[in-house]
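Submitted below is the structure of interest, expressed as structure tokens.
FYI, it's all coordinate maths here, none of it is from the lab. Model, not experiment: these values are computed from the prediction. A quick note on method: Cβ atoms are made from the backbone with ideal geometry, for glycine too, and the neighbour counts reach across all protein chains shown.
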Amino acid sequence: MCRHIAYIGPAIPLGEVVLDPPDGLYRQSWAPRHQAHGTVNADGFGVGWYASGDPVPARYRRAGPIWADESLPDLARVVRTGALLAAVRDATEAGADAEAAAAPYAAGRYLFSHNGAVRGWPGSLAGLAAELPPVELLRMEARCDAAFLWALVQHRMASGADPGAALAATVTAVAAAAPVSRLNLLLTDGTSIAATTWGDTLFRRSVPGGGTVIASEPYDDSPHWTEVPNGTLLRATGTDVQLTPLKEPAT
């Protein structure tokens, strides 16, 4: 379910990561090469990016498939950024939230995406919902599993956890409540990236000229892509990547 990608490094046009690569996110919307669950990611898309000197990201999201949007190519050609997060969506289940359900989600300086699905949603996470203050539930952008995961992550960061720890704690709690869920999470504040692998693929690579790309799957056939092991917390900057094992995902 879904494909996502994050970049951090020297400023480049959005299209260089999102649209231009031969097997990039654009093509992954209808012909992903490493997606085991679902085949077409046509239930919305989004791109979030950071402008120089502004810590709060901008977003461009739509409810339809990325290939049907006539405005994105021009936007992606002229907008340059040193950090972005983008995603194409295959909805876990049908809903009426339209583009509000399309990643990236945002709060303050953060952008967030979920690649996967929560088993038994929504009933399986009723216990975790009870742990959140009502105002945080009411603030959710959409009524889907990804938006709820984002609410859990935000709650943990507001309680003092750093981004990586917040992702790890969320995955552990959700996997305990809903075994066999797929919980690949991706989070950036424009200066670093945190991600988890839990039931789906994730790859990383350094790019020429400096910078790091973290993606559900490679966007080209370069030998410089490295797959991130399942059950891993990843932390990355433009020059460094650190991997920490998480508890082994349920099978």
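Using the Cα atoms of the chain, I'd like the radius of gyration and the largest Cα-Cα distance, Dmax, both in angstrom.
Calculated on Cα positions, Rg and Dmax stand at 16.5, 48 Å.
Starting from the Cα-Cα distance between residue 30 and residue 240, subtract it from 0.36 nm times their residue separation and give me the gain in nm to one decimal.
Taking residue 30 through residue 240 to full extension adds about 72.4 nm, to one decimal.
Nearest 0.05, what FRET efficiency do residue 173 and residue 109 give at R0 = 30 Å with Cβ-Cβ as r?
Working from the Cβ atoms, E equals 0.80.
Compute the length gained on full extension between residue 247 and residue 137: take 0.36 nm times their separation in residues and subtract their Cα-Cα distance, giving the result in nm to one decimal.
So the chain would gain 36.9 nm between residue 247 and residue 137.
Here's something else I'd like to know. Net charge around residue 224, counting only other residues with Cβ within less than 15 Å of its Cβ (Lys, Arg = +1; Asp, Glu = -1)?
Around residue 224, the surrounding residues sum to -3.
With everything on Cα atoms, drop me the angle between helix 163-177 and the longest principal axis of the chain, reported from 0 to 90° to the nearest 10.
50 degrees
Another question, then. Which length gain, in nm to one decimal place, applies between residue 56 and residue 222 when the Cα-Cα distance is subtracted from 0.36 nm times their residue separation?
56.5 nm
What FRET efficiency comes out for residue 20 versus residue 126 if R0 is 30 angstrom and r is the Cβ-Cβ distance? Round to the nearest 0.05.
Computed FRET efficiency for residue 20 and residue 126 comes out at 0.10.
Lys and Arg at +1, Asp and Glu at -1: add these up for the other residues within a Cβ distance under 11 Å of residue 28 and post the number.
Combined, the nearby Lys, Arg, Asp and Glu give 0.
At a threshold of 8 angstrom on Cα-Cα distance, excluding pairs fewer than six apart, so keeping six or more, what relative contact order does the range 199-251 reach in percent?
Dividing the mean separation by the residue count of the range 199-251 yields 33 percent.
If you rank 18, 88 by fewest surrounding Cβ atoms within 10 Å, what's the result?
By the 10 Å Cβ count, ascending: 18, 88.
Which stretch or stretches of the range 13-38 have amide N atoms under 16 Å from the point lying 7 Å from residue 77's Cα along the Cα→Cβ direction?
13-21
How much of the pair distance distribution for the range 1-108 lies past 16 Å, counting alpha-carbon pairs only, in percent?
Counting pairs separated by more than 16 Å, the tail of P(r) holds 55 percent.
What range in the chain is the longest one free of GluC sites (Glu not before Pro) that are in a loop by DSSP and have at most 13 other Cβ atoms within 10 angstrom?
By the stated rule (loop sites, at most 13 other Cβ atoms within 10 Å), 132-251.
Another question, if that's okay. Once you keep just the Cα pairs under 8 angstrom separated by 6 or more residues, what percentage relative contact order results for the range 1-134?
Relative contact order of the range 1-134: 32 percent.
How do 159, 206 rank when sorted from fewest to most other Cβ atoms within 10 Å of their own Cβ?
Starting with the residue having the fewest Cβ neighbours, the order is 159, 206.
Restricting to Cα pairs below 8 Å that are 6+ residues apart, what does the relative contact order work out to for the chain? Please round to a whole percent.
22 percent
Does the range 157-212 classify as rounded, prolate or oblate by the C-alpha gyration tensor (a ≥ b ≥ c root eigenvalues; a/c under 1.5 gives rounded; else a/b over b/c gives prolate, otherwise oblate)?
oblate
Still on this model: Within 12 Å, Cβ to Cβ, of residue 45, how many net charges do the neighbouring residues add up to if Lys/Arg are +1 and Asp/Glu are -1?
Result for the neighbourhood of residue 45: +1.
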